[in-house]
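Undergrad: I have a structure I would like to understand better, so I am pasting it below and will then ask my questions one at a time.
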Amino acid sequence: MSICRGLTLVALMLPALFVAFPARDSEAAAAPQITGVWSCAVTRPGSPVARPLDFVFHSDGVFAYSSQTTINGGPLSLPFTSRGGANGQWQKIGPSDYAYQSRENLYINGNAGGFFYVDATIHLNPKLQQLCSGTPECPTAQTKIRLTQFTFAANGSITGEIDLLPAGSIAQSICSPLNTVFTSLP
């Protein structure tokens, strides 16, 4: 085959390749998305009470949550008096599966008290418009948590952390998009 015929063949085949293999960005846009605000109910070890939280998944991979409850109470008798909301990161790991990691500051009488760590996989059910983890609806998704309290030196500096809930403790969550809680914005 001459070079001229080969170049002509490549020029004719190139547009067909773009049709057969669309760009990943256009595929991602059509896939289910979790960006936005989700209203969640979460249970953790030591407390069967479902606690309300708001999850926020930003399009740049930043994750945050806020809780409307204190971290104390229940049979664990935790020492914390307030919490600061969590910050972290998230990414897509499958067609309807996502992972996030976060760390929340916990306080005792307004002072640094400890951390609440979360390492989770969550599943999006597009038909129900729900995110879930650790529930029968999504058996492959799991939320692992760790709750620590700081230890201090005599001068008040933080010297370490002790586990109040060990790494790998399991929590359950079920979430709905905030737009199912409120009517749409004008």
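Undergrad: Would you be able to tell me the number of residues in the range 149-162 that are under 15 Å from residue 46 (Cβ atoms) and modelled with pLDDT under 95?
TA: Of all residues in the range 149-162, those under 15 Å from residue 46 (Cβ atoms) come to 149.
Those still in the list that are modelled with pLDDT under 95 too: none.
Going through the range 149-162 one residue at a time, the tally reaches 0.
Undergrad: While we're on this one: Just to be sure, is residue 68 in contact (Cβ under 8 Å) with a residue 12 or more places away in the chain and surrounded by 15 or more Cβ atoms within 10 Å (Cβ to Cβ)?
TA: no
Undergrad: Return the total of residues in the range 125-150 being closer than 18 Å to residue 88 by Cβ and either of a type in the set (Phe, Trp, Tyr) or in a strand (DSSP E or B) (or both).
TA: Of the residues in that region, 8 qualify.
Undergrad: Go through the residues of the range 151-162 one by one and say whether even a single one is crowded, with 17+ Cβ neighbours inside 10 Å and part of a strand (DSSP E or B).
TA: No; the residues of the range 151-162 include none that is crowded, with 17+ Cβ neighbours inside 10 Å and part of a strand (DSSP E or B).
Undergrad: Taking the range 36-66 as the search range and keeping residues that are aromatic (Phe, Trp, Tyr) and more than 26 Å from residue 77 (Cα to Cα), which one is farthest from the chain's Cα centre (by Cα)? Full working, then the answer.
TA: To start, the set of residues in the range 36-66 that are aromatic (Phe, Trp, Tyr) comprises 38, 55, 57, 63, 65.
Checking which are more than 26 Å from residue 77 (Cα to Cα) leaves us with 38, 57, 63.
Working: 38: 10, 57: 7, 63: 6 Å.
Step by step, filter the range 36-66, then rank; the result is 38.
Undergrad: Just name the residue that is modelled with the lowest pLDDT out of those in the range 88-133 that are within 17 Å of the chain's Cα centre (by Cα) and over 22 Å from residue 43 (Cβ atoms).
TA: 126
Undergrad: Being part of a strand (DSSP E or B) and either closer than 20 Å to residue 45 by Cβ or more than 12 Å from the chain's Cα centre (by Cα) (or both) is the filter here, so list the residues in the range 78-87 that pass it.
TA: Filtering the range 78-87 down to residues part of a strand (DSSP E or B) leaves 82-87.
Residues satisfying the conditions are 82, 83, 84, 85, 86.
Undergrad: While we're here: Please find, among 157, 169, 96, the residue that is farther than 23 Å from residue 58 by Cβ and touching a Pro at 6+ places or on another chain (Cβ under 8 Å).
TA: Exactly one residue qualifies, and that residue is 169.
Undergrad: For residue 106, all conditions in the list (1) surrounded by fewer than 20 Cβ atoms within 10 Å (Cβ to Cβ); (2) part of a strand (DSSP E or B) hold save one; what is the number of the exception?
TA: Failing condition for residue 106: (1).
Undergrad: If you don't mind, another one. Have a look at 52, 136 and point out the one that is without any contact (Cβ under 8 Å) to a residue 24 or more places away in the chain and touching a Cys at 6+ places or on another chain (Cβ under 8 Å).
TA: That would be 52, the only listed residue that is without any contact (Cβ under 8 Å) to a residue 24 or more places away in the chain and touching a Cys at 6+ places or on another chain (Cβ under 8 Å).
Undergrad: How many residues, within the range 38-55, are touching a Leu at 6+ places or on another chain (Cβ under 9 Å), modelled with pLDDT of 85 or more and surrounded by fewer than 18 Cβ atoms within 10 Å (Cβ to Cβ)?
TA: Within the range 38-55, the first condition is being touching a Leu at 6+ places or on another chain (Cβ under 9 Å), and the residues that meet it are 38-42, 44-47, 54-55.
Still in the list and also modelled with pLDDT of 85 or more: 38-42, 54-55.
Next, from what is left, pick out any that are surrounded by fewer than 18 Cβ atoms within 10 Å (Cβ to Cβ): 39, 41, 54.
Number satisfying all stated conditions: 3.
Undergrad: Would you point out which residue out of 162, 145, 122, 158 is within 14 Å of residue 78 (Cα to Cα) and not basic (Lys, Arg)?
TA: Testing whether each residue is within 14 Å of residue 78 (Cα to Cα) and not basic (Lys, Arg) leaves just 162.
Undergrad: Output yes when any residue across the range 70-77 is outside any strand (DSSP E or B), more than 19 Å from residue 119 (Cβ to Cβ), touching a Lys or Arg at 6+ places or on another chain (Cβ under 8 Å) and modelled with pLDDT of 65 or more, and no when none is.
TA: For the range 70-77, residues outside any strand (DSSP E or B), more than 19 Å from residue 119 (Cβ to Cβ), touching a Lys or Arg at 6+ places or on another chain (Cβ under 8 Å) and modelled with pLDDT of 65 or more: present.
The values are calculated or read from the model by the stated rules, or taken from the named source; none is laboratory data. It should be emphasised that the depicted structure is a prediction, and the values quoted were computed from it without experimental measurement. Because the Cβ atoms are built from the backbone with ideal geometry, glycine has one as well, and the counts that use them run over all protein chains shown.
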